[in-house]
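Just so you know, all these numbers are worked out from the coordinates, no wet-lab data involved. Every value quoted in this text rests on a predicted model; they were computed, and no experiment measured them. Ideal geometry is used to build each Cβ from the backbone, glycine not excepted, and the neighbour counts take in all protein chains shown.
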Amino acid sequence: MLDQWKLDAESEDHRSRRDMTEKSITRYVKGEVERQVTSSSTSSSVFVTDCTWIMGASVAQPSYLCCGLSNGSVCLLNTANLSKIYLFEADRNFRTSLRDSDRGGQVQGRERVSSVSQQLVAVATHTVPAGTDSAAVQALLCLTLDSVVCVCPMDMLAVLERKKVSRSDLAKVKPYPAVAVDAVLHSSVQFNSKGNSILALLCIKEESSVASGASSIRYCVAVLSSPDATVTLQSKYACDRGWHTLAYPCAGGESRFGAPVELCYCGWWTADTLVCVWSNSALQFLHAAEMQVIAEGRLLRHCASDRVTNATVTRPGAGDASDGASGGLVAVVLEHNIAASFYVTVRHSAGYDEELKRHCGEAPFAVSMIPTMQTYCTEDIPVRELHLVRSFSWTVVLLLESGALVFLDAETMRLSVHRAVNRLRPPDTDRYHAGPLIIAPRHFFCVLTGKPFSVVVVEYSTAILLKSQ
């Protein structure tokens, strides 16, 4: 009876789109090819810290995987012929001393040099109009480098011709707060849909002692903005405000002894609104300019403070309702092995919850959340990463610690495709008991795009490109 109810509830239109998505995924993940991202001349301790896409201007043009490396450089990997270009490379003499130290057998010296040289390079790109030359891909690259949020214009024709982009081409926009380099446990950057604003997130370890039950992580955000309505390679970004520390959600939860509320996700909701998902299932929506909370809600009424372990959010589509409401999907993982998805709508509210008003002040928006049909459990295998990607329909993608990729229909949470990937290193199960996953080392992760559908799994310094055979 339950299965029949699910079939009846699923529309014929969605069933058709789901089937097309499943066929597309099945086709494009059959084969695979491996490619070392780091150069053969670099230290073996250098690893990939973050990845994003630079899509071709047309189907005939190759796409590039833009990879941040822990030695402070960026690799552009051509996904068609697997050629590589390295950008922002550090001084050659410094790299030589690092390599000699790695081979010298002096452990203390090696650890000292590696700890100083390694950094978390986060990357994000936004494609800008290329004018009359439609074959030329032009993109803005934002990255965190040398404790500064930087922006670099990239004309791919010039990059491919010169085979180099130097650090002098970078516009250094927003320095990090005055903290120790090793206190920054995570960094990420993200363009909004228009490309005229960039969200930078830092997770900083607190040096001073914190109260019992409070988080030892400070979550800081900054928004870099351009005055241009339509950004180009010549657009300039600035950030007049200081780093803002995210306030913990007002919505309560079932506290668990020694388990503080932690951030699971922070990103763009609309072009001027941010969304945060917290480990107690609280949602926060903030106005990006003032960093003011404009709405809050809870995905789960009864939820322990650390139950949500992963989260991701889709941005609302262009066809939002005329009343100003915006809707999207939120996917979460509970206790490392239960995946669930929710429809979330944010709209203007004449009257809002009185208790929330009293504690957080007047909130002009109300949040409504509807769970989808069912959840999906991975049994004893923890979920490493969670993604939402759209092909013909929205798909939830789980990267498991075992190496498998699990593709689920976002509306029904029905299994679409299971794709095993052989790991190059032993699984790291200890990471699931050592604090929030957002600050855990990112030595095994995946990057996806829906149109065209592409998946790349990155493990340490190797990219595994899934492709059709």
Can you list the residues, at least 5 places off or on another chain, whose amide H is less than 5 Å from the amide H of C446, using H built in the peptide plane? V458
Give me the lysines in straight-line cross-link reach of K172: C-alpha distance below 30 Å, same-chain residues under 8 apart excluded. K84, K163, K164, K194, K205, K236
Residue by residue through the range 68-79, the couplings from Karplus 6.51 cos²θ - 1.76 cosθ + 1.60 with θ = phi - 60°, in Hz, x for Gly and Pro, are x, 10, 6, 8, x, 10, 10, 10, 9, 9, 5, 6
In nanometres, what is the gap between the two model label sites at S44 and K467, each 7 Å from Cα along Cα-to-Cβ? 2.8
Amide H neighbours of D50 at under 5 Å, excluding residues fewer than 5 places away on the same chain, with H built from the backbone geometry, are G68
Can you list residues from other chains, or at least 5 along the same chain, whose modelled amide H is less than 5 Å from the amide H of V417? F407
Residue by residue, what Karplus-based ³J(HN,Hα) values in Hz, rounded to whole numbers, does the range 21-30 have, using 6.51, -1.76 and 1.60 with θ = phi - 60° and x for Gly and Pro? 4, 4, 5, 5, 4, 4, 5, 8, 10, 5
Going by how many other beta carbons lie within 10 Å of each one, how would you line up L77, L82, L388, fewest first? L82, L388, L77
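Out of the range 156-224, which GluC sites (Glu not before Pro) are coil in DSSP terms and have no more than 13 other C-beta atoms within 10 Å? Write down the numbers at each step before the final one.
Values: sites: E161, E206, E207; in loops: E206, E207.
Answer by residue number: E206, E207.
How much net charge surrounds Y219 when only other residues with a Cβ under 15 Å from its Cβ are counted (Lys, Arg +1; Asp, Glu -1)? Provide the component values of the computation, followed by the final result.
On the way: positive: K205, R218; negative: E206, E262.
Local charge sum for Y219: 0.
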